[in-house]
1. Return the aspartates and glutamates within reach of B:K78: Cα separation strictly under 17 angstrom, same-chain partners fewer than 8 residues apart disregarded; answer none if there are no such residues.
2. Which of the listed residues, B:L248, B:G284, A:M586, is farthest toward the dipole's positive end in the protein assembly as shown, when Lys, Arg count +1 and Asp, Glu count -1 at the beta-carbon?
3. Quick one: putting +1 on the C-beta of Lys and Arg, -1 on the C-beta of Asp and Glu, what dipole do you get for the range A:561-605 around its Cα centre, in Debye to the nearest 20?
4. Greater than 20 Å separation of Cα atoms is the criterion. Which listed pairs, B:K172/B:K226; A:K191/A:K279; A:K279/A:K303, meet it?
5. Quick check on the range B:209-253: take the gyration tensor over C-alpha atoms, sort the square-rooted eigenvalues as a ≥ b ≥ c, and tell me if it's rounded (a/c under 1.5), prolate or oblate.
6. Return B:E162, B:E200, A:E515 ranked ascending by Cβ neighbour count within 10 Å, so the fewest neighbours appear first.
7. What are the equivalent ellipsoid semi-axes of the range B:239-279, built from the alpha-carbon gyration tensor (square roots of five times its eigenvalues), in whole angstrom, biggest first?
8. Is there a simple number for the mean count of other chain Cβ atoms within 10 Å of the Cβ of residues in B:32-41, and what is it?
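Laboratory data are not the source of any read-out in this text; all were calculated from the coordinates shown. A quick note: this is a predicted structure, and the numbers were derived from the prediction, not measured. With ideal geometry, Cβ positions are generated from the backbone for all residues, glycine too; neighbour counts draw on all protein chains shown.
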Amino acid sequence: MRRRVRHIGSVFLLAACLISNVVAQISPGDLSKGHAQLEGISNCTQCHVLGNKVTNEKCLDCHKEIKTRIDERKGYHASSEVRGKDCFACHSDHHGRAFQIIRFDSDAFDHRLTGYTLTGAHKTTDCRACHTDENIESADLRKKEHTYLGLNTACISCHVDEHQNTLSTRDCASCHTTDEFAPAVLFDHDKSKFPLKGKHRETDCASCHETVVKNNKEMQQFTGMPFASCADCHHDVHDGRLGTNCASCHTEESFHVFTGNNDFNHNVTGFPLKGRHKKVSCASCHQTSVSDPEMVFKDYRNKDVSTCVTCHDDVHDGKFGTSCTNCHTEESFRQINTSEGFDHTLTGYPLIGKHEEVDCKKCHETRMTDPVEHSQCLSCHEDFHKGQFIEKDQVKDCALCHTEHTFAETKFTIEQHNAGAFPLEGAHLATPCFSCHLEEEEWVFRDLGQACVDCHTDIHAGLLDVKYYPDTDCNKCHTTDAWPDINFDHAVTEFVLEGRHTTISCGACHRPEEEEVVFAGIPSQCSACHDNIHDRQFEENGETDCRRCHMPEQWSPSTFDHNTSRFVLDGAHKEVACGACHKEQMIEGRGVVQYKMERIDCAACHL
Amino acid sequence: MTGRAHRIYIGTLIAIGVSIFLFLCYWGYTYYLTSIEERPFHEDHTMLKPSGPIGHGLGIVGTLLILIGVFGYILRKKNKLLPKVGALKYWLEFHIFLCSVGPLLILFHTAFKFGGIVSISFWSMVAVVLSGVIGRFIYIQIPRTIHGRELSLGEITAMKNEMSESLGKKYKLPDALYESIIDVTKQKEADGQEGFFKAESRRRKEKKETLRKVKSILSETELQQKDKRGVMDLVRNEIKMNTRISRLQAMQKLFRYWHVAHLPFALIMLVIMVIHVAITLAFGYRWIF
């Protein structure tokens, strides 16, 4: 029992020794530097809520500047990344005095979450260049060490107003970007009272907006500048003698480009501007740098403006005269007036015939003044005959046969033709050239051949024995004069022509059959050509020989002697016409005079 | 419980304790090696911080293990009305197990951050554990029955004599040899003025000397090697018994003082732990509930 009492006593003794420390030692660890003033058991509930850990309300009770931002839905703590989180999720404590309760990775921080996106040069600017006490408006916030609060999004809250409040706006971003202060790329001079035109657009700003000293500080002046008159900025080279309205003559494009182009009526000068003349600057023709401004534009007085060479150089060195407009127009020197005007004879190559109608560019493919080879037709034209007229390796010039007037007609004469290998005779003289020289739309002048069959078709082939025209030489029978003029000796055949046969035409016997005239295989019997009008009355052994009674010279009278027949004529019979006895009878549908009588008694005729 | 079963029982408890320690070390070593200021930015901070789901859980489980270990053992030991369930020796071993693993879990619960009121509890716990280790050493120096009752000096001397006799009987040593061994191992008279540490130093020297002499005596006999080892083991036990008899008084005195240290520290630990838990609950840290 004594021992137990001693134990308990020891415990309480120890407890008593420790109790003073116990009270002060509830904290699980030192608070961070920012919260150091909250150390001590009496301060626990400054942050902790009994029964409910640490609440955001407790934190924001002290951190009112953050609460204000959250309530205004502004800043990083109101962003989607933070909203809904417990404060202690990022800012826990009791991790020692040196603990960084705000661990901030400035490189990885997405500034967009604050509601102010960093752009341009801001992206590479050190955080503390902006987040400094100087830029914090609120005195309370300025007291806070290392705070990122208190900045204004207005440029002027961090940057110095280089314009010293002389501009109509304080919104720097209306002219400047965050990339660089100068140039002020967003400034639109056209929206100012002095819109920039012409050369003014290219002019450096500082040329007009000079640097002045204001409040002992240099400043580029952008406001309060006179600009009503050009002379406010520019020096009047005319010393005021031509008035103050520069724009009546000059434009902003260039001092040397005059509004006179538009306003001045050049027609009154006797030299109306046409074509390109309308577009060129006045200074192209008029001398602008004259000593006496009164003499500006008067430099063509007493000069002949009717000829171009007064102003322009004659690139042809006078070779084509001085009437430039014969060839050239005022639209362009290179645009040649081809239809009329230019006398081509001046060039040494007069245009004749078809050449007069050809467009200049057909021959003058480059500049008009570039020399064109013209000694031969082939200098420009292709050899239509494709080398058929080559002599000594040289193509004969077209002009030997053709003229400039037409290519289709030729001046090649019959005499020239006859001097060749195939003189023209007979009907060939009247034959057009194309009959022989045009083959399937191709003109052929070489290797045509000289035999008749080289041009003509042998119509007798297979119908006439070649022994009568060896080597298919048509000239054996025909001449070049006319085809029907036949010169053939029929005696060389088996059928010698006699009597009437010598006078009739060939075609009377050699009749065309289906457009082919047959010469071979015709029998020599009379019946081969002639009809037998006596039917078969005189037929002997199946053949009727006409020559027993008829002669080749003529058909009648017949050489028949009636007295050699069975019935000798005598008495009155000598005077009786043949037909009195020999009557016509119908045999096989045609009338045939009956000469051979069956009966010769008197009663046969006389009843 | 047989000797084999007891060894398995002890081995299992040690394996569990070591496994838990190794597992927690492996899991959290990068976090625990991180400085206090940097820990909140460690990826495991949410889980392993003392108020995190795991860290807080370790504290709660560790506390429960300690409470069970302490009060279970006290109940078994003090309350004579309760039936004596299991030998006190095994209860003590289980008490040591729970009160080792529990503090181990609490060590990881603290995340090796020792500060504030609760550090008193923690260091008290450390003191209790260390005193427990010392107490365990003192405890085994005082021979007891298996139920934990201390043996009297007479009982111990009888045990020693019985052991000496068995030496002669078991190995049938010749009388001369037996006498010479007994003579060699006999406890030297202690100098009454001798201090504890000086006496311990002297005993260690004497033990070495005695074993060397017995070895020398045995080398001149014709005993087999196996029997020689058996004799040497018995001689060692003899020396151990001699040492314990000579230490007994000092140890019994020391053990009483030890109680004065072990128990108060445990009470301090428990009281502050209650305060710690109360504060924790008061501020709304209810673990997963």
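1. Correct list for B:K78: B:E93, B:E150.
2. B:L248
3. Details: 6 positive and 7 negative charges, 16 e Å.
It comes to approximately 80 debye.
4. On the way: B:K172/B:K226 14 Å; A:K191/A:K279 31 Å; A:K279/A:K303 22 Å.
Result: A:K191/A:K279; A:K279/A:K303 exceed 20 Å.
5. On the way: a/c = 5.86, a/b = 2.81, b/c = 2.08.
Note, shape of the range B:209-253 comes out prolate.
6. On the way: B:E162 9, B:E200 13, A:E515 6.
Ranked by crowding around the Cβ, least crowded first: A:E515, B:E162, B:E200.
7. 38, 9, 4
8. Details: counts 0, 0, 0, 4, 7, 8, 5, 4, 11, 4.
Per residue, the average neighbour count from other chains is 4.
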